[in-house]
Amino acid sequence: LILRLRRVPSSSRAERATLELVPQPFWYREAASFWQLTDDPELAFRVHALLGGTPAYRAMAFGPPSSRESFDRWVTQRLLNPASAIFREGSLLLWEESGVTDPAPYHGVLTAIGAGAARRSEIAGRIGRPATAIAHLLAGLQQVGLITRFEDAFRERRGIYRLTDPLIRLHELVIGPNERLLVRGRGTQVWTANADTVASKIYGPHLEDLAREWCLSHASSAALGGSAHDVLPATVACRKHRQGHEIDIVVVEASAGTRRRVVAIGEVTSTERPVDVAEVTRLDHLRDLLPDSWVLAPPRLLVFSRAGFTSDARRAAASRQDVELVDLERLYRSD
C-alpha cells in the first residue's frame, strides 16, 4: 500500500511535490499485539508464521483464531478457503509488481526457496536451469522485496536466500500445489496431509527469522555478550566429522575502530518436543570450530526452542554463565 500526496503549485512552472508513505509490516511482537494474541505466544507464532505482519491480513482473515484448539479450523476456513480474500493473495503479490512481466519463472524460484533450496546452485537445480541463468530472477525478487539474501558470516559469496513474506511461503508450499483440491472444499484434508511440510518448511524457517530479530531488536547485551550489528547464518568445516556444520545464528558485533567479532552463536529448534541438553553440547562443539580471527573471547551459546526445554537442559544452562535458553515466552516478552 502506497499513499501518494501530490501538490501542484499554481505557477507557470510545472513544479510538483510528491510524498510517498509506504507502510511496513509489523514486527512479530507488534503483530502479536495487533492480532490480540499477546497472551498466547504459541498461537501468535503460528499466525505470524502463516501471514506475517501485514496489517490488512487481519481483516482479510476475519480476525484471529480464538484458541489453539480452533487454530486448524481457522486455517481451513479463513486461509485455505477459495472464497476467502486471503486465498489468492500470495500469488497476486507477484502479479502486482510492475517490473515482473512473466511471473512463471519467478514463482518457480519462490517455490524452490520455500521448499528449502537456499543457495543459488540449489535453486537452479530445483527449477532445471543453470545457476548462471537465474541471476536476474533472484535480483528481481530481491528488488521487489519478496526474498532476502543473507551472507555467510565467515565466507564471502556464500549467501543463502530466504522468503521475506510468510504468505508467499504458505502459498508456494500449501495453497498453490493443492489448489485443485482446495477448490473442491478439501481444506481439512490438505492441511492435515501437509502437516510435516508446515512444521519443517514454514514453522522451522520462521522461528529462525524471529530468533534473528530477537537478537537484533530485543536481546540485552548481557544475554548476547555484546551488541548485535549483524545476525547471520554460517557453515563451518569440521575435520572430526569430515563435513560442514551449519550454524543458524551468528551474532556479530562491530563498532568504530574495532574489527568484527562473534559474540554469540545459536541453534534454533522448532519441533514440538522440548529441547534436551544435546543442543548445548552441539553448540560447544561448533564454538570450537569458529575461525580464530573472529573470536576475541568465547562466544555465548543461544538455544532457541519453540517447545521449551527439558529439565536436564535447564539444569545444564543454570550451571553455566555462557548459555542462554530462549523459548517462545522469552522470545515474545523479554530480553
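The values are calculated or read from the model by the stated rules, or taken from the named source; none is laboratory data. The structure presented is a predicted model; accordingly, all values stated were derived computationally and were not measured. For neighbour counting, all protein chains shown are included, and Cβ atoms are generated from backbone atoms with ideal geometry for every residue, glycine included. The accessibility values were calculated without ligands, DNA or RNA, using every heavy atom of the protein model including side chains. Shrake-Rupley method; radii C 1.70, N 1.55, O 1.52, S 1.80 Å.
Among G53, L138, L43, whose Cα sits farthest toward the positive end of the charge dipole of the chain (+1 at Cβ of Lys/Arg, -1 at Cβ of Asp/Glu, about the Cα centre)?
Result: L138, furthest along the dipole toward the positive end.
Could you grab the relative contact order for segment 187-332? Cα pairs under 8 Å, six or more apart, rounded to a whole percent.
20 percent
By its C-alpha gyration tensor, with a ≥ b ≥ c as the square roots of the eigenvalues, how is segment 220-335 shaped: rounded for a/c under 1.5, else prolate for a/b larger than b/c, else oblate?
Numbers: a/c = 1.85, a/b = 1.25, b/c = 1.48.
It is oblate, given that a/c is not under 1.5 and a/b is not larger than b/c.
Determine the dipole magnitude for the chain: charges of +1 sit on the beta-carbon of Lys and Arg, -1 on that of Asp and Glu, nothing else is charged, the reference point is the Cα centre, and the result goes in debye to the nearest 20.
Numbers: 43 positive and 40 negative charges, 145 e Å.
Dipole about the Cα centre, nearest 20: 700 debye.
Checking the a/c ratio against 1.5 first, then a/b against b/c, what shape does the Cα gyration tensor give for segment 32-160?
Working: a/c = 2.45, a/b = 1.74, b/c = 1.40.
The shape class here is prolate.
For H136, H206, write out the residues from largest to smallest accessible area, computed with a 1.4 angstrom probe and no ligands counted. List each step's numbers first, then the result.
Values: H136 105, H206 5 Å².
Output order, biggest surface exposure first: H136, H206.
How many nm separate the modelled label positions at R242 and S334, each set 7 Å beyond the Cα in the direction of the Cβ?
Going from the R242 label point to the S334 one covers 4.5 nm.
Return, ordered by residue number, the residues of segment 180-197 whose backbone nitrogen is under 20 Å from a label point located 7 Å along Cα→Cβ of R68.
Residues passing the 20 Å test: 192, 195-197.
Report the label-to-label distance for R186 and E30 in nanometres (one decimal), using points 7 Å from each Cα along the Cα→Cβ vector.
With each label placed 7 Å out from Cα toward Cβ, I get 4.1 nm.
Given a 10 angstrom Cα cut-off, can you work out which residue in D292, D152, D40 is the most mobile in a GNM of the chain?
Among D292, D152, D40, the largest mean-square fluctuation in the Gaussian network model of the chain belongs to D292.
Taking the Cα centroid of segment 239-286 and of segment 125-152, what is the distance between the two, rounded to the nearest whole Å?
A separation of 26 Å, based on Cα centres.
Extent of segment 201-252 along each principal axis, from alpha carbon coordinates, in Å, largest to smallest?
36, 29, 14
Projected onto the charge dipole of the chain (+1 at Lys/Arg Cβ, -1 at Asp/Glu Cβ, origin at the Cα centre), which of V251, Y203, S121 gives the Cα projection farthest towards the positive end?
S121
Just want to confirm a number: the relative contact order over the chain, from Cα pairs under 8 angstrom separated by 6+ residues, in percent. Don't skip to the end; give the middle numbers.
On the way: 512 pairs, mean separation 39.3, N = 335.
Relative contact order, the chain: 12 percent.
Of [x] 29, 60, 11, 0; [y] 33, 59, 8, 0; [z] 27, 56, 16, 1, which is the value of P(r) over Cα pairs in 20 Å bins from 0, in percent derived from the coordinates here?
The value matching this structure is [z].
Can you pull the percent of the chain's accessible area that's carbon plus sulfur, 1.4 Å probe, other chains left in place? Kindly include the intermediate steps, with their values, before the conclusion.
Details: 8510 of 17170 Å².
Roughly 50 percent of what the probe reaches on the chain is carbon or sulfur.
Between beta-carbons, use under 15 Å as the cut-off and find the net charge around V295, counting Lys and Arg +1, Asp and Glu -1. Kindly include the intermediate steps, with their values, before the conclusion.
Values: positive: R259, R260, R261, R287, R300; negative: E253, D284, D288, D292, D322.
Taking every other residue near V295 into account, the sum is 0.
Mind ranking 178-186, 161-169, 70-78 by how tightly packed they are, going by the mean number of other C-beta atoms within 10 angstrom, highest first?
Details: 178-186: 14.7, 161-169: 21.9, 70-78: 18.0.
So the order, starting with the most tightly packed, is 161-169, 70-78, 178-186.
Using a Förster radius of 22 Å, what is the FRET efficiency between Q321 and A278 based on their Cβ-Cβ separation? Nearest 0.05, please.
On the way: r = 20 Å, r/R0 = 0.92.
After rounding, the FRET efficiency stands at 0.65.
Using a 7 Å offset from the Cα along the Cα-to-Cβ direction at both A193 and S311, what is the distance between the two label points in nm, to one decimal?
Placing both labels 7 Å along Cα→Cβ, they lie 4.3 nm apart.
If a/c stays under 1.5 just call it rounded; otherwise compare a/b with b/c (prolate if a/b is bigger, oblate if not). Do that for segment 227-291, with a ≥ b ≥ c from the square roots of the Cα gyration tensor eigenvalues.
Details: a/c = 2.51, a/b = 1.45, b/c = 1.73.
Oblate, since a/c reaches 1.5 and b/c is not below a/b.
Tell me the mean residue ellipticity at 222 nm calculated for the chain from its helices only (DSSP H runs of n ≥ 4, each -39500 (n - 2.57), averaged over every residue, nearest 500). Walk me through the intermediate numbers first.
Values: 16 runs with 122 residues, N = 335.
Helix contribution divided over all residues of the chain: -9500 deg cm²/dmol.
Sort I160, I175 by heavy-atom solvent-accessible area, probe 1.4 angstrom, most to least. If you can, show how the numbers build up before the last one.
On the way: I160 30, I175 5 Å².
These residues rank, largest area first, as I160, I175.
Excluding D40 itself, calculate the net charge of residues whose Cβ lies under 14 Å from the Cβ of D40, where each Lys or Arg counts +1 and each Asp or Glu counts -1. Mind showing how you got there, number by number?
Working: positive: R29, R46, R68, R306, R333; negative: D39, E42, E69, D327, E329.
Around D40, the surrounding residues sum to 0.
For E156 and S293, what is the calculated FRET efficiency with R₀ set at 22 Å and r taken between the beta-carbons, to the nearest 0.05? Don't skip to the end; give the middle numbers.
Numbers: r = 14 Å, r/R0 = 0.64.
After rounding to 0.05, the efficiency reads 0.95.
Let me have the relative contact order for segment 132-199, percent, based on Cα pairs under 8 Å that are six or more residues apart. Walk me through the intermediate numbers first.
On the way: 43 pairs, mean separation 12.2, N = 68.
Across segment 132-199, relative contact order equals 18 percent.
Net charge around I123, counting only other residues with Cβ within less than 13 Å of its Cβ (Lys, Arg = +1; Asp, Glu = -1)? Walk me through the numbers on the way to the answer.
On the way: positive: R119, R120, R126, R129, R149, R162; negative: E122, E172.
Residues close to I123 contribute a combined charge of +4.
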